Every structure is written in structure tokens, then in C-alpha cells.
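K.L.:
I have a structure I would like to understand better, so I am pasting it below and will then ask my questions one at a time.
What follows draws every value from the coordinates through simple rules; no lab data is involved. What you are looking at is a predicted structure, and each value in this text was computed from that prediction instead of being measured. Neighbour counts are summed over all protein chains in view; Cβ atoms, including those assigned to glycine, are modelled from backbone coordinates with ideal geometry.
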């Protein structure tokens, strides 16, 4: 799990075992507000997540509501709209070039690469959001270049 904003990257968390609603909520509890604080977002940020069932679980949505975190409505089957997907792809490319030899190296490398993503890159991805929306509409919900 990881998060970012136009102000840069937030926390990145290694997920041990299978992700479920309880584990996802714990990740949010332990990392979301701290990331928002580190990025100086204040209390008035909008949180975006996809429609994965563990993201939309009643207990998760109640936790977000109780913390007064505004959640962006998200259409189903819309990875083209999600700017973090670009960062995941870039991270995978960087990991492939590094060829870590074990899980410890992989985790360390991923965290280092995540922290090295520039604020400029993060801001560029957020700034493309209106263009992403236009492209998805033009493609009638189909795939786009994003």
C-alpha cells in the first residue's frame, strides 16, 4: 500500500499475507493521517481509492467517515483514471532493472525508490487528472493512453 499527493509521496507499506478489510483498515489507521501530516495536506484533503471490496467495506467506510475524511467517488473498472497506477508501473520498471536477490532487498529497494519519486513527478500526475477524465469520456469508458 502506498499513497501520494501533488506534494510528494506518502508512506509505503509492505503487506504481509493476504489483504483483507481488517488489514486494509489497519494500514489506513497507521499510515493515512500520518502521510497527510507529513505532506502538509491539513485535514481537508480528498482520499481516492478504487472500488476493491476491502476498500468499500462498511467498517472501512465508517472509519473514514468517523475521521471526517472525504472519499472521492470512483467509477468501477477505471484504472486509467488512477494516477498511482503510473507510479506502480514506474516502480516495477525500476525494480526489474535492479534485480533484487531476496525479499529483504526487494522491500528496501521499493521503499528507497518510492521515497525518491520527485514532487514534480507527483504534481504532474495529479495535474493530468482533468485530461484523464476527458480521455475516458472520449473513449466511452474504454482504455486510454493513461
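K.L.:
Just from its helices, what would the mean residue ellipticity at 222 nm be for the chain, if runs of 4 or more DSSP H residues each count -39500 (n - 2.57) and the sum is divided by every residue, rounded to the nearest 500 deg cm²/dmol? It would help to have the intermediate numbers written out before the result.
P.N.:
Values: 7 runs with 78 residues, N = 146.
Theoretical 222 nm ellipticity from helices: -16000 deg cm²/dmol.
K.L.:
Relative contact order for the stretch 1-59 using alpha-carbon pairs under 8 Å, separation at least 6, rounded to a whole percent?
P.N.:
On the way: 43 pairs, mean separation 20.8, N = 59.
Relative contact order of the stretch 1-59: 35 percent.
K.L.:
How many angstrom lie between the C-alpha centres of the stretch 41-81 and the stretch 82-111?
P.N.:
With the stretch 41-81 and the stretch 82-111 each reduced to a Cα centre, they are spaced 25 Å.
K.L.:
Classify the stretch 54-146: rounded, prolate or oblate, from the alpha-carbon gyration tensor (a ≥ b ≥ c, eigenvalue square roots; a/c under 1.5 rounded; otherwise prolate if a/b is larger than b/c)?
P.N.:
Values: a/c = 2.02, a/b = 1.28, b/c = 1.58.
Since a/c reaches 1.5 but b/c is at least a/b, the shape of the stretch 54-146 is classed as oblate.
K.L.:
Moving to a separate point now. What is the distance, in nm, between label points placed 7 Å from the Cα along the Cα-to-Cβ direction at residue 66 and at residue 33?
P.N.:
In this crude spin-label approximation the distance works out to 1.1 nm.
K.L.:
Over all directions, what mean area does the Cα convex hull of the stretch 1-121 project, stated in square nanometres? Intermediate results must be reported in sequence, preceding the final value.
P.N.:
Numbers: hull surface 31.5 nm².
Averaged projected area of the stretch 1-121's Cα convex hull equals 7.9 nm².
K.L.:
When a/c reaches 1.5 or more, the comparison of a/b and b/c decides; with that in mind, is the stretch 15-55 rounded, prolate or oblate per its Cα gyration tensor?
P.N.:
Working: a/c = 3.19, a/b = 1.72, b/c = 1.85.
Oblate, since a/c reaches 1.5 and b/c is not below a/b.
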